[in-house]
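Here is the structure we will look at, set down as structure tokens.
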Amino acid sequence: MDAEALRRKLADLPVRPGVYYHLDKGGRIIYVGKAANLRARVRHYFQAASSTDRKTSKLRERIADVRWTLTDDPLQALFLEGEMIKRYQPKYNVLQRNTRSDDWHYVQCNLKAPNPYLTVTRNVDVGEDLLTLGPYLDGRALRKALRYLRRDFPYSTHKVLPRKACLDYHLGLCPGPETAGFDLAAAKVDLRRLLACLSGRRSQLVGRLRSAMKTQAAAQRYEAAAKLRNQIAALEDFARSNIFTDSGQKPYLGQDQALADLQSLFGLAAEPRRIETYDISHISGRYTAASMVVAEDGLIRPALSRRFKSPLAGNDDFGQIRAVMKRRFTSKSLREIRPDLILIDGGKGQVSSVLQVLDGLDLEIPVIGLAKKREQVIFRAGRLNLDADQLRRLGGSAEDSPAFTTLNLNPNTPLLKLLQRLRDASHRSALAYHNYLQGRDQVASGLLGIEGIGEKTYRKLIKRFGSLAGLRTAEEAELAAVLNRRQLAALKAYLAGRNSG
């Protein structure tokens with residue numbers, strides 16, 4: 001794009017929130033940023049040299065094109081920005097690109113606990129009842145958003161209840177699950193509304209709240225109507241703020257390079273809009289966990305992803321994969337959903353195991369593997385239509401064998417970076433669930449070995465306190481609500497023994 005065309009494009013920048021992308025002459029994305037006002041923010045890069053720093057000046061010299069994705073409000077840009085940085089690894093996003101995985105922030109919520117809570121964390125807990133949103137790159141903006149919303153959508157942060165009403169309860173920021181007047185149903189409603197906002201569904205939420213407010217007012221329940229009015233006002237004010245939050249937006253960059261390359265390289269009928277990535281984690285066949293990470297349009301969708309506990313015993317990776325794939329494609333809730341591409345963490349044996357199940361179910365779904373050792377892409381010969389010209393354009397080469405084709409790709413291609421990101425996410429998910437299963441088993445074996453504590457009492461303890469850490473920090477009166485005197489004494493002796501050991 002010549003200078004005049006770029007100037008005209010800058011003149012057309014909207015005064016809207018969104019995410020912007022700077023591209024170089026080769027069409028590569030070299031910087032990704034977010035903005036509450038795209039016109040003001042992007043034009044900043046093209047100010048006089050004296051008004052910009054050296055880094056910005058060097059970046060500006062490389063910019064040949066600018067593209068952007070509009071969002072409904074400034075709240076929806078943070079998550080999209082982080083996803084795009086992780087996907088494209090732009091050269092000039094130095095800070096974000098080098099950010100470690102444990103520097104990303106997540107929101108975790110448990111609506112099924114007796115005292116529903118919400119927390120912000122870097123270390124994701126694993127549990128069937130936990131809902132996770134994220135990752136978010138800007139933890140400060142995330143916490144600022146939650147502080148603002150909490151005034152009208154109060155929530156608890158207590159995994160274990162305090163003995164007395166907390167300060168947040170007295171400030172109107174917490175529904176007070178530790179108090180006698182706690183309204184569990186109302187607390188869940190407020191928490192679900194907050195999660196809807198954080199999930200990028202603010203506009204739909206405002207519409208539902210307006211309808212509910214009219215219903216309450218018509219029934220002369222004016223206090224309830226006033227609360228809904230305040231929540232609507234908070235969401236509308238929040239939308240005009242410079243606080244960023246999660247988004248369900250699907251980015252459109254003309255044609256996403258990684259997905260377009262996947263389509264052309266393997267001769268797919270269309271770009272793989274839905275990619276499912278699988279991995280298995282275990283220790284010598286014990287605590288076997290599997291993960292299914294779902295990406296839509298290249299973006300990981302935690303709400304669609306799944307974890308599986310393998311029903312098979314023994315150290316048989318291929319058998320575990322076959323069991324997981326059969327469960328995935330025969331499940332009532334999932335069998336009608338077909339991915340456009342399956343990515344498996346592994347090589348020839350793993351790919352063969354997946355294809356064996358798909359062939360048995362008469363399903364034709366493209367399958368590729370990504371082997372960690374040399375980061376090679378592997379697929380069954382004859383199952384995909386490899387485009388040799390596209391492979392050369394990507395700087396790759398192929399190694400053929402009678403049954404499989406192995407691709408060596410340029411490590412800097414968006415295609416390989418996307419596959420690596422999905423593979424790594426699936427590996428982390430499977431490992432986290434494996435660690436959870438192992439820890440749960442160790443807790444169970446320990447507690448069930450205590451005199452007087454059987455399966456029923458064990459379940460009550462875990463449901464209320466969650467873990468050994470929760471039991472250790474619980475007050476004696478809380479434990480006494482579940483245990484009799486003899487059980488309580490035995491539990492205290494057990495915990496004291498573990499602490500001294």
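Some notes on this structure:
- Matching residues, the stretch 395-439, being polar (S, T, N, Q) and surrounded by fewer than 22 Cβ atoms within 10 Å (Cβ to Cβ): S397, S401, T405, T406, N408, N410, N412, T413, Q420, N435, Q438
- Look at (1) at pLDDT 75 or above; (2) touching a strand residue (DSSP E or B) at 6+ places or on another chain (Cβ under 7 Å) and you find that D246 fails only one, number (1).
- Summed over the stretch 399-423, residues that are of a type in the set (V, I, T) and assigned to a strand (DSSP E or B) total 2.
- Filtering K34, K9, K86 for residues that are in a helix (DSSP H, G or I) and modelled with pLDDT under 85 leaves a single hit, K86.
- Criterion: among the charged types (D, E, K, R), in contact with a helix residue (DSSP H, G or I) (Cβ under 8 Å, 6 or more places away or on another chain) and assigned by TED's automatic domain parsing to the domain that holds L415 - qualifying residue of D340, D389, D345, D362: D345
- Output for the stretch 261-277, where each listed residue is crowded, with 16+ Cβ neighbours inside 10 Å and either at pLDDT below 90 or not in a strand (DSSP E or B) (or both): D261, L262, Q263, S264, L265, F266, L268, E271, P272
- Residue selected from the stretch 102-142 under the condition of a type in the set (D, E) and farther than 16 Å from K159 by Cα, by the criterion modelled with the lowest pLDDT: D102
- Within the stretch 278-386, strands (runs of 3 or more DSSP E) holding 2 or more residues that are β-branched (V, I, T) and modelled with pLDDT of 90 or more: 286-296, 341-345, 367-371, 376-380
- Taken over the stretch 181-203, the criterion of being part of a helix (DSSP H, G or I), without any contact (Cβ under 8 Å) to a residue 60 or more places away in the chain and among the small types (G, A, S) is satisfied by A185, A186, A196.
- Residue check, F318 under 19 Å from the mean Cα position of the chain (by Cα) and among the aromatic types (F, W, Y): no
The values are calculated or read from the model by the stated rules, or taken from the named source; none is laboratory data. These numbers come from a predicted model, not from an experiment. Counting neighbours? That spans all protein chains shown, and the Cβs are built from the backbone with ideal geometry, glycine included.
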